[in-house]
Amino acid sequence: MFERLNENTWHFEEPDVRFFLLEGEKEAMLLDSGKITADAREQAQAVTEKPLFLLNTHADLDHVRSNYEFETFYMHPSEAFNYYKRFKGTGEFLPLHDGQIFDLGGRPLEVILLAGHTPGSVALLDINARTLFCGDVLGENYNIFLFGQHREIHAYLNSLKKLEGMMDRFDRIYPSHGVLEIGPGHIPVLREGVEKILRGEGSYVLTERYNTTVRRYDLGLAGLLCDNE
Ligand SMILES: [Zn+2]
């Protein structure tokens with residue numbers, strides 16, 4: 001069920017992921033479509049009467065459950081392989097690009113490409129509200145997945161640096177997992193932690209995910225799950 005976050009923003013909490021509904025004066029955007037919720041579109045349309053479209057922060061399975069309800073949706077092209085080939089997703093994706101602006105009507109949203117967790121992960125900057133919807137790029141009380149074929153820690157570090165350079169543009173961050181609202185101060189902490197890992201200085205414990213042994217680095221606010229190699 002969508003819960004109101006403020007005048008024109010709602011969040012939908014599933015057991016371990018959330019997604020958002022953003023409304024402008026002309027249009028509304030569903031930002032991801034859930035993991036177990038199969039009628040996100042209907043539920044969003046019960047909240048807003050504005051024409052609704054879908055944008056995915058990325059194509060991991062916990063973010064695309066209700067995509068099938070849409071004939072088209074926005075996604076970065078680098079997610080298409082996972083979406084169609086690995087996950088057998090349906091519908092037609094409309095390609096996003098870095099810096100693209102979606103104006104919902106008095107509410108411009110800027111796409112920020114942040115590769116690493118997945119190759120085409122994007123965040124959305126709600127420019128006037130100085131709010132960042134970051135997908136899985138950041139999180140608190142949450143393990144950020146960076147192991148496996150399509151995840152890349154060097155790209156992730158680059159994305160954290162990119163976000164750090166934009167920190168004067170937002171005051172609050174809404175991630176898709178863990179704590180609902182976090183602050184920008186989170187970004188340098190994670191960036192320093194990732195740099196330490198890449199220098200070989202991070203301490204980790206071994207744990208299991210999807211029958212794979214991975215390293216869990218504790219970065220304080222969040223954990224980072226990395227390949228064990
Ligand atoms: Zn996720």
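The values are calculated or read from the model by the stated rules, or taken from the named source; none is laboratory data. Values in this document were obtained by computation on a predicted structure and should not be read as measured data. Every residue, glycine among them, receives a Cβ derived from its backbone with ideal geometry; neighbour counts consider all protein chains shown.
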Report task. With the condition kept exactly as written, say whether any residue in the range 164-178 is buried (at least 23 other Cβ atoms within 10 Å of the Cβ), part of a strand (DSSP E or B) and of a type in the set (Gly, Ala, Ser). Result -> no
Query raised in the report: Would you say Phe147 is touching a residue at least 12 places away in the same chain (Cβ under 8 Å), within 15 Å of the ligand (Cβ to nearest atom), among the aromatic types (Phe, Trp, Tyr) and more than 24 Å from Glu13 (Cα to Cα)?
Result: yes
Query raised in the report: Can you spot a residue in the range 194-207 that is surrounded by 21 or more Cβ atoms within 10 Å (Cβ to Cβ) and within 14 Å of the ligand (Cβ to nearest atom)?
Result: no
Report task. For residues that are in contact with a Gly (Cβ under 6 Å, 6 or more places away or on another chain) and surrounded by 20 or more Cβ atoms within 10 Å (Cβ to Cβ), scanning just the range 99-114, find the one that is farthest from Leu138 (Cα to Cα). Result -> Leu104
Report task. Please indicate, with yes or no, whether at least one residue in the range 176-186 is more than 16 Å from the chain's Cα centre (by Cα) and of a type in the set (D, E, K, R). Result -> no
Report task. Give the residue that is farthest from Ile173 (Cα to Cα), with candidates limited to residues of the range 194-229 that are without any contact (Cβ under 8 Å) to a residue 40 or more places away in the chain and touching a Gly at 6+ places or on another chain (Cβ under 6 Å). Result -> Lys196
Query raised in the report: Just wondering, is there one or more residues in the range 89-106 that are within 16 Å of the ligand (Cβ to nearest atom) and either in contact with a Phe, Trp or Tyr (Cβ under 9 Å, 6 or more places away or on another chain) or farther than 21 Å from Ile144 by Cα (or both)?
Result: yes
Requested in this report: Within the range 113-128, track down each residue that is within 15 Å of the ligand (Cβ to nearest atom), over 9 Å from the mean Cα position of the chain (by Cα) and of a type in the set (Val, Ile, Thr).
Outcome: Thr118
Report summary line: Pairs returned, first residue in the range 25-43 that is free of Cβ contacts under 8 Å to residues at least 60 places away in the same chain and more than 14 Å from His63 (Cα to Cα), second residue that is surrounded by 14 or more Cβ atoms within 10 Å (Cβ to Cβ) and not charged (D, E, K, R), beta-carbon separation under 7 angstrom, 6 or more apart or interchain, are Gln43/Phe2
Report task. Could you tell me which residue of the range 23-43 is farthest from the ligand (Cβ to nearest atom), considering only residues that are in a strand (DSSP E or B) and hydrophobic (A, V, I, L, M, F, W, C)? Result -> Ala28
Query - Selection from the range 115-163 of residues that are buried (at least 20 other Cβ atoms within 10 Å of the Cβ) and among the basic types (Lys, Arg) - result: Arg151
Report summary line: When every residue in the range 44-66 that is without any contact (Cβ under 8 Å) to a residue 40 or more places away in the chain and within 15 Å of the ligand (Cβ to nearest atom) is compared, the one nearest to Leu104 (Cα to Cα) is Asn56
Query raised in the report: Here are Phe81, Phe133, Phe73: which of them is modelled with pLDDT under 95 and either in contact with a Leu (Cβ under 9 Å, 6 or more places away or on another chain) or in a helix (DSSP H, G or I) (or both)?
Result: Phe81
